[in-house]
Structure formats: C-alpha cells, structure tokens
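Reviewing the structure listed below.
The values are calculated or read from the model by the stated rules, or taken from the named source; none is laboratory data. Keep in mind that what you see is a predicted model, and the values were worked out from it rather than measured. Backbone-built Cβ (ideal geometry, glycine too); neighbour counts: all protein chains shown.
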C-alpha cells in the first residue's frame, strides 16, 4: 500500500513538473508573460484580485460597477477605465499622473484601495515563485525586478488594440452605416454637438484634460487634474477617454455616475441640469447644446458603431 502511494505521489509530482515545463515553454514573449501577470492574483496583498479583476476582458477591459472592489473589498476612488487602445497614449489615469504604460501598470499594485501590495514585495513574491522566476530568466535574462515587471505588463497592454468596428469597415467602404448612424456621425463631427472637439483622432480622444461640468466644489466632488498640478486652471479637469468600445464599458465618467450612453448624451446636452453652479466648466459646454430627441438617439447609434467585432453580442 505504501509503495502504491509513493508511486502515485511521484507520478503526480512528475505530471505537475511536466505541466509547468509545457506552460513555461509556451510562454516566449514579454507580452505573453505580461498577460499571465495581468491575471495573476499573487500580485495583490491577500492574493485575492488581479488586474483582470477590475479590467474585465469581456467588458473591453473595463469594469461594470462605478467603483471597483480591490483586496479586502476596498473600493477604488474612481471608475475603472478600459485599458484597450493605450499603445499610443502619453497620459494615463483620469488625472494623467503616469506618462508611460510602464509607470501606469505598477501603480494599481501598490494602491492601498486596489491591490495593496508594495511593488518591492510583488517582485519578492515573483522571485520566490520558481515558475515565474524561470520565465523572467528565460525572457529577460534576469530575475524579476521592478523594471522588467513593468516592461512585461506594458508589452501586453500594447497588444490590446482594436480596430475591427463597423465604423472602421464603413470608412474602408466594406460596410455601410445605417441612416441613423450616419446622421450621428455627421452630428458627432459637427459644430452643434461638438463631440469631435475633444473626442478626435483614431481612438476618439485628444489626450487632453477637460472640465465637463461635474465639479461644483462640494465635499463629494473630485477636483481631478488639480489634485496633481495644484493649478487653479486644472480644477475639475479629467482626461478625455477614448470612445472605442464605449458601448460595452458602462458605467461612464470618472465617478461612474451614468449607466447608459443615453444618460451621457443627456448630460452633455445640458450639464447645468445635472450639476448646478459648476466651477471652471469648459467653454464648449457653458450653454446647452439644444439636441433634439432624434439627434440624441443618432449620436448613441453612431457611438455603438465604435465597438470592436469581438465585443458584439
């Protein structure tokens, strides 16, 4: 009996070792390692959450709640933005406090309301884990450290680009927008709705910061960029998010206030009806836009054409 148990134990050990070898062998690039780490709960204080816990792949790498639950069910201070289409950005987070993906990707690990683990401790855990240590040695020719951990994350996030949308196919004359979608497109880039003034470029963001009228100085408000720069002109400003896949990344805004695109359009049509006495609001939004019911519906229809095919249900 003991011999049988010993043989069984050895077989199990060999299977585990073989499995680890196969898995390690299949991971050959920085991006593949970064994807593993993106889903690795070992990098949180109590090993309960990973990056993917809040940046959910099935929801275009955003979350479905206004504020995400980190370790010990601590809530994030702002809504979790999508990490898709970040390759060409030069500012990250709602307040732009990171200038590169390498800087950005380590901050949630150390954030006390998110993963809650000092980066040095995260590196130590990876070094104590033979599977990960061997992967880093193979790919970086170095043991895990702060720099190559950030490089792996960044390499993976740079692969998360999307461009297979109805809008893109229509632009290439491979598909046709509906009448409502086309009206929404014209309205989106026109002077009445003014959407394209901020949501411009290939990813529909100018990578700038705007005060859209959600700050009125109350204790419940978030001053946004001002918290970083301490410049009065930056009070209430937040980074303009890209709009690719926006139809699947609800709720919206830095505070997750709006649950639907229809609510977002209603807000932009007249911000003052939602937040009276807004401070430092952008000049583009100081007067109501005066959109009709049909125009609002057309704008929503157009924004839905920015959804990558992989997220269509």
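Residues that are more than 27 Å from residue 88 (Cβ to Cβ), outside the structural domain of residue 203 (by TED's automatic domain parsing) and free of Cβ contacts under 8 Å to residues at least 24 places away in the same chain number at least 2 in the following helices (runs of 4 or more DSSP H) confined to the stretch 108-181: 119-128, 130-140. Taking residue 278, is it closer than 13 Å to residue 214 by Cβ, more than 28 Å from the chain's Cα centre (by Cα) and in the same structural domain as residue 198 (by TED's automatic domain parsing)? Taking the combined requirement at face value, the residue does not satisfy it. Output yes when any residue across the stretch 60-72 is more than 25 Å from residue 134 (Cβ to Cβ), at pLDDT below 95 and surrounded by fewer than 17 Cβ atoms within 10 Å (Cβ to Cβ), and no when none is. Yes; the residues of the stretch 60-72 include at least one that is more than 25 Å from residue 134 (Cβ to Cβ), at pLDDT below 95 and surrounded by fewer than 17 Cβ atoms within 10 Å (Cβ to Cβ).
Going residue by residue through the stretch 236-246, is there one that turns out to be over 23 Å from the mean Cα position of the chain (by Cα) and under 18 Å from residue 78 (Cβ atoms)? No; the residues of the stretch 236-246 include none that is over 23 Å from the mean Cα position of the chain (by Cα) and under 18 Å from residue 78 (Cβ atoms). If you check residue 186 against the conditions, is it closer than 24 Å to residue 61 by Cβ and either touching a strand residue (DSSP E or B) at 6+ places or on another chain (Cβ under 8 Å) or at pLDDT 95 or above (or both)? Judged against the criteria, residue 186 is not a match.
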